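Chemist: Below: one structure in structure tokens.
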Amino acid sequence: MWHHSPAHQLSDAGAYMVTGATYQKQPYFNTPERLDFLQARLMEALRAQGWSLQAWAVMSNHYHFIAELPEPPADLAAAIRRIHSDSAREVNRLDNTPGRRVWFQYWDTHLTFPKSYFARLNYVHQNPVHHGLVRVATAYRWCSAGWFEQSAEPSFVKMVTGFKCDRVNVPDDF
């Protein structure tokens, strides 16, 4: 195994946060159509593997999501391979660059403490704001913030948005 490659060992049910990054931080998903495509592939691939998507944010050169695995084994690596291969083929087709490397790596973290889960949930929702894409997370259509605000109980939304997320340790230098 390459020494910089993260270990992807999913043996426990529960919530996981995943970050995926494009190769050399390139903004391959830089149009609304490309972001729509990537977001749809992410949702489809996770659903096909039995994951319950809790939060997501899809940007031009990376994504974050939190998904829950009710019972192992569900193959996260297979879902990520599907997301990455389908989306890479599509942007390479659009750019007429077959075989170009699009994705670099992904990182996953098992969220085992409620405070960690809630802080990361808020972090994912606020990520488009963090990257300066919008002033209010609910205005970014490739993020679950709006869905969360409309779907969750107001008291739960208030609790989650109250969690500080500025110290969350996530690969996010994009």
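The values are calculated or read from the model by the stated rules, or taken from the named source; none is laboratory data. This structure is a prediction, so every number in the text was calculated from the model and none was measured. Virtual Cβ from ideal backbone geometry, glycine too; neighbours counted across all protein chains shown.
Chemist: Within the range 60-104, can you find the residues that are over 20 Å from R120 (Cα atoms) and among the aromatic types (F, W, Y)?
Modeler: Residues satisfying the conditions are W103, F104.
Chemist: Check V124 against each of (1) more than 17 Å from M43 (Cα to Cα); (2) touching a residue at least 60 places away in the same chain (Cβ under 8 Å) and name the one condition it does not meet.
Modeler: (1)
Chemist: Additional query: For the range 56-98, give me each residue that is in contact with a helix residue (DSSP H, G or I) (Cβ under 6 Å, 6 or more places away or on another chain) and surrounded by fewer than 13 Cβ atoms within 10 Å (Cβ to Cβ).
Modeler: P98
Chemist: Let me ask something additional. Residue by residue through the range 122-154, note down the ones that are closer than 12 Å to Q54 by Cα and either crowded, with 20+ Cβ neighbours inside 10 Å or among the aromatic types (F, W, Y) (or both). Give the steps one after another, and end with the answer.
Modeler: Filtering the range 122-154 down to residues closer than 12 Å to Q54 by Cα leaves 122, 124-125, 143-145, 147-148, 151-152.
Listed by number, the residues that qualify are N122, V124, H125, C143, S144, A145, W147, F148.
Chemist: Additional query: Assuming F118 fulfils every condition listed in (1) touching a helix residue (DSSP H, G or I) at 6+ places or on another chain (Cβ under 9 Å); (2) surrounded by fewer than 17 Cβ atoms within 10 Å (Cβ to Cβ) apart from one, which condition is it?
Modeler: Only one criterion is unmet by F118, namely (2).
Chemist: Here's something else I'd like to know. Would you confirm whether any residue within the range 64-86 is hydroxyl-bearing (S, T, Y) and modelled with pLDDT under 95?
Modeler: Taking the range 64-86 as the starting set, the residues that turn out to be hydroxyl-bearing (S, T, Y) are 85.
Next cut, modelled with pLDDT under 95 only: none.
The answer is no; no qualifying residue exists.
Chemist: Within the range 93-103, is even one residue assigned to a helix (DSSP H, G or I), under 25 Å from Y28 (Cα atoms) and polar (S, T, N, Q)? Talk me through it step by step, then tell me what you get.
Modeler: Residues of the range 93-103 that are assigned to a helix (DSSP H, G or I), as a first pass: 93-95.
Then drop every residue that is not under 25 Å from Y28 (Cα atoms), which leaves 93-95.
Checking which are polar (S, T, N, Q) leaves us with none.
No.
Chemist: For the range 124-152, give me each residue that is over 18 Å from T19 (Cα atoms), in a helix (DSSP H, G or I) and out of contact with any His (no Cβ under 8 Å at 6 or more places or on another chain).
Modeler: T138, A139, G146, W147, E149, Q150, S151 - these are the residues of the range 124-152 that are over 18 Å from T19 (Cα atoms), in a helix (DSSP H, G or I) and out of contact with any His (no Cβ under 8 Å at 6 or more places or on another chain).
Chemist: Here's another thing I want to ask about it. Of all residues in the range 54-87, how many are aliphatic (A, V, I, L, M) and in contact (Cβ under 8 Å) with a residue 60 or more places away in the chain?
Modeler: Just the residues of the range 54-87 that are aliphatic (A, V, I, L, M), to begin with: 55, 57-59, 66-67, 69, 74, 76-80, 83.
From the residues that got through so far, the ones that are in contact (Cβ under 8 Å) with a residue 60 or more places away in the chain too are 55, 57-59, 74, 76-77, 80, 83.
The number of residues fulfilling the criteria is 9.
Chemist: Going residue by residue through the range 28-40, is there one that turns out to be loosely packed, with under 13 Cβ neighbours inside 10 Å and either assigned to a helix (DSSP H, G or I) or modelled with pLDDT under 95 (or both)?
Modeler: Yes, the range 28-40 contains a residue that is loosely packed, with under 13 Cβ neighbours inside 10 Å and either assigned to a helix (DSSP H, G or I) or modelled with pLDDT under 95 (or both).
Chemist: Only one of N61, N96, N127, N92 is polar (S, T, N, Q), at pLDDT 95 or above and at positive phi; which?
Modeler: Values: N61 fails: at positive phi; N127 fails: at positive phi; N92 fails: at positive phi.
Answer to the check: N96.
Chemist: Within the range 11-46, how many residues turn out to be among the small types (G, A, S), under 15 Å from C143 (Cα atoms) and touching a strand residue (DSSP E or B) at 6+ places or on another chain (Cβ under 7 Å)? Before you say what the answer is, go through the steps one by one.
Modeler: Looking only at the range 11-46, we keep the residues that are among the small types (G, A, S), and these are 11, 13-15, 20-21, 40, 45.
Narrowing the set further to residues that are under 15 Å from C143 (Cα atoms) leaves 20, 40.
If we keep only those that are touching a strand residue (DSSP E or B) at 6+ places or on another chain (Cβ under 7 Å) too, we end up with 20.
Number satisfying all stated conditions: 1.
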